[in-house]
Structure formats: structure tokens, C-alpha cells
């Protein structure tokens, strides 16, 4: 066996190689840094995993239908209950008991669509129509009264506005006693986010 000849260059290269391997192993084993955003997302995921009562306010739109489908999927996976909540805003000039045929027709159609969507997942729905003055307050009150664990909302903010969300969504987001997940489609002229996450982390951070 020929003797091994050590040179200064060889020793330096060997130490460099070991250092690189050690650095890679350390990087692979090191836990990712916990930031406020990652903590908020983790909290929202934990809350949604143990949600027993899911409140889904609807407006009779395709976006609302999508939230009903999401709520039904979550409920089926977690053996939770889903309430679909349609709010009819009654003008202040009329009494709350006023009969609004067109609004009531739209509400019934929206709930019928929600029921058919939930049937695809074999999930029963509790459906409610409320005549109120302000939708935002009614949604928060319903979440409080039913003990909702999570609220699923679709949001279509006014075009050209200065706020990220609509006034109703902003109020619910700030005052709800539980987690709030908002699905807002990309606005015209705006590029969709690169992330494949369904919801933004700002939305997932909501909750008490």
C-alpha cells in the first residue's frame, strides 16, 4: 500500500469540503424561523381543523357558492355543522318586517343553490334568512349567537376604492369573535399572487 502524502493544499480542500457538508446538514436540520405571519397562518389552520360550527354568509353570487362548497368540504372532513346565512338589508325608511318580494326571491334561490351544493358532499345545512339594517353587524351577531368557530366569506370590494376589502368584510374581519377566512378574487388589471395559497395571510390572521 502506497503511503498517503498530505499537502497543505489537500488539507485545506478537505477542511473546506467538510465545512460545506456540515453547513448543508445544519441548514437542512434547522427549524424555519417563526415569524408573525407563520404563527398567524399556523393558528388559523389549527382553528379550522377543529371547527365545529362553520358560518357561511352568502349573497347569491358564484363567489358565495364557492364558499359554500368549501364549507361543505371542511364540514365533511371534520364532522362539523354548516350554517348558510343570507342577509336582506332593509332600508331605514321601511320597517324590518317589510315584505321585499324581489330580495326574498333572490334569498330563496341562493339558499336552494347552497343546499344543492352541500348535497354533493352529503353535508346537511342549517339555512337562515335575516331581515336587518346592516349586513356586517348581522353577520357578527350571528357568529356570536351560534358560537361559530369560523366564518367563510367571499369578498368583492368596490372598484377604485382605497380599501383592500369591502366595508362589510372589513367590519366582520375586525369584530368577529372567531377566525375569518375571506376569498377575494383578483381584481381587474391586477396580477394574481405567486403563492399557491388559497387565502392571503392577512385574512388568515383574523380571529380572537
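All of the numbers you see were taken from the coordinates with simple rules; none came from a lab. Fair warning: this is a prediction, and the values are worked out from it, not measured in the lab. Every residue, glycine among them, receives a Cβ derived from its backbone with ideal geometry; neighbour counts consider all protein chains shown.
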Neighbouring Cβ atoms within 10 Å as the yardstick, rank 97, 64 fewest first. 97, 64
At a 10 Å Cβ-Cβ cut-off, how would you order 146, 7, 61, fewest neighbours first? 7, 61, 146
For the peptides 147-154, 69-76, what is the packing order when you average, over each peptide's residues, the other Cβ atoms within 10 Å and list the highest mean first? 147-154, 69-76
